[in-house]
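The structure appears right after this line, and notes come after that.
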Amino acid sequence: MSTTPSFGRQGHPRKIQFSDFFLVSPMIDFELSGLSMSATMGDEYREVLALFRDLGRRRPISIKRAQAVLPGFLADTGFPWATEFERALGGEVTACSDFGHWQIYFYAQAYAKDGQWPPKLSVLGQHLIELELALKAPTEAWAEGDVPRCVDLLEASPMLKNYLWPALIANLRRASTVGEVTTARGLVMCEIWLSLLACEDARIQGEGRAEASTFDDLFPNFAQEPVKSPNALFFEWLERYSNTQGNLAWKIPQLSKPATSKDVDLASLSRQLRRWKSGDGFPSNDALDGLFRNLYGDKADKPNHPGHEKWLLSQMKAAATKRIAFLASILVRLNRLNEPAAPFGYPSIQDWRESRYRHWYRHWLPIQAEQFKVV
């Protein structure tokens with residue numbers, strides 16, 4: 001199964017890439033974060049940037065090429081175990097030889113120069129790494145063409161059992177085409193993505209910042225046509241939350257104009273807001289930062305500012321909106337199939353989304369609450 005979700009900027013849409021049998025590539029989450037490899041690497045690490053881009057395009061990468069650019073890059077950034085990675089690239093078995101894509105991604109995110117290694121991970125990060133580890137053997141079996149063994153390993157895994165259902169296992173066992181296997185993989189990927197959204201949602205309540213789900217109102221009703229854009233739901237919420245109904249466009253920063261410019265092109269800003277609401281892109285991180293500062297105060301990103309909690313909640317809702325929009329772009333296509341294609345045998349995508357999100361939110365809430373419990 002493939003789709004062409006928008007990542008909020010102009011350019012050619014890209015298909016979903018899996019990093020293993022069920023998990024998508026972490027580069028999708030990276031792009032949904034509003035980041036770019038070129039901005040992150042800068043001009044200093046062009047060879048590293050080219051290597052990562054080729055990896056994303058599934059182009060073959062020689063060990064010699066990786067050995068030439070990665071160790072120096074890791075050492076320059078102060079990343080722990082840089083020598084371990086260098087030895088692993090040389091063929092030695094080291095502590096990082098079995099690191100998967102998501103483990104590297106989350107370790108890089110969580111790394112802080114406080115000497116703690118491995119770094120402390122979020123509940124979501126730890127769970128994804130555990131899923132990735134559980135999927136290693138099934139993915140290897142599938143890559144070798146041994147689908148029966150792959151399915152046996154999936155079915156036997158305690159870590160994966162909450163994401164699988166009997167009909168899916170049966171469909172995988174009798175699958176005779178790549179398309180049938182890929183559809184099954186895509187359905188489980190949607191279930192995992194929904195769980196991860198609920199995990200982050202539950203974290204907000206676990207931190208004591210909410211009394212119920214914060215993200216649930218960002219999901220559209222998939223039983224209605226046309227399906228509403230999550231972007232529209234976000235901006236409708238933002239207008240209510242910031243008490244700017246009908247006037248939100250005034251708060252959009254004009255990033256292309258000098259900071260001293262007093263001229264406000266309201267017509268242009270209103271058109272931009274309509275485009276965002278329609279799902280045609282999403283504000284850049286800089287645009288969101290300017291918008292939220294205009295709404296809550298220029299220093300609202302500081303913890304002691306009176307508008308900080310509103311600034312923080314708006315940032316979290318915006319991040320969730322992009323990830324919900326990614327999932328929604330897939331679910332809309334599943335919803336249009338002639339035969340039922342909802343995970344866990346639900347009669348519709350809407351029924352599945354409502355029920356399973358509620359299930360996962362309840363699953364993650366006590367786990368997240370335990371993380372933030374005051375001793």
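Quick note: the coordinates plus some simple rules give every number you see, no bench work behind them. Fair warning: this is a prediction, and the values are worked out from it, not measured in the lab. So basically every Cβ, Gly included, is an ideal-geometry build from the backbone, and we count neighbours across all protein chains shown.
Take the Kirkwood radius over Cα pairs of the stretch 149-273, plug it into Stokes-Einstein at 10 °C and 1.306 mPa s, and you get 84 µm²/s for translational diffusion. Cross-linked pairs Lys161/Lys228; Lys136/Lys317; Lys251/Lys317: Cα-Cα separations exceed 23 Å for Lys161/Lys228; Lys136/Lys317. In terms of Cα atoms, the Rg and Dmax of the stretch 195-348 work out to 17.3, 58 Å.
Between beta-carbons, use under 11 Å as the cut-off and find the net charge around Leu133, counting Lys and Arg +1, Asp and Glu -1. Taking every Cβ under 11 Å from that of Leu133, the sum is -3. Under 5 Å from the amide H of Phe18 lie the amide H atoms of Ser25, each residue being 5 or more positions distant or on a separate chain, with H modelled from the backbone and absent for Pro and chain starts.
Can you pull the Kirkwood radius for the stretch 167-223, inverse mean 1/r over Cα pairs, to one decimal in Å?
So the Kirkwood estimate lands at 13.6 Å.
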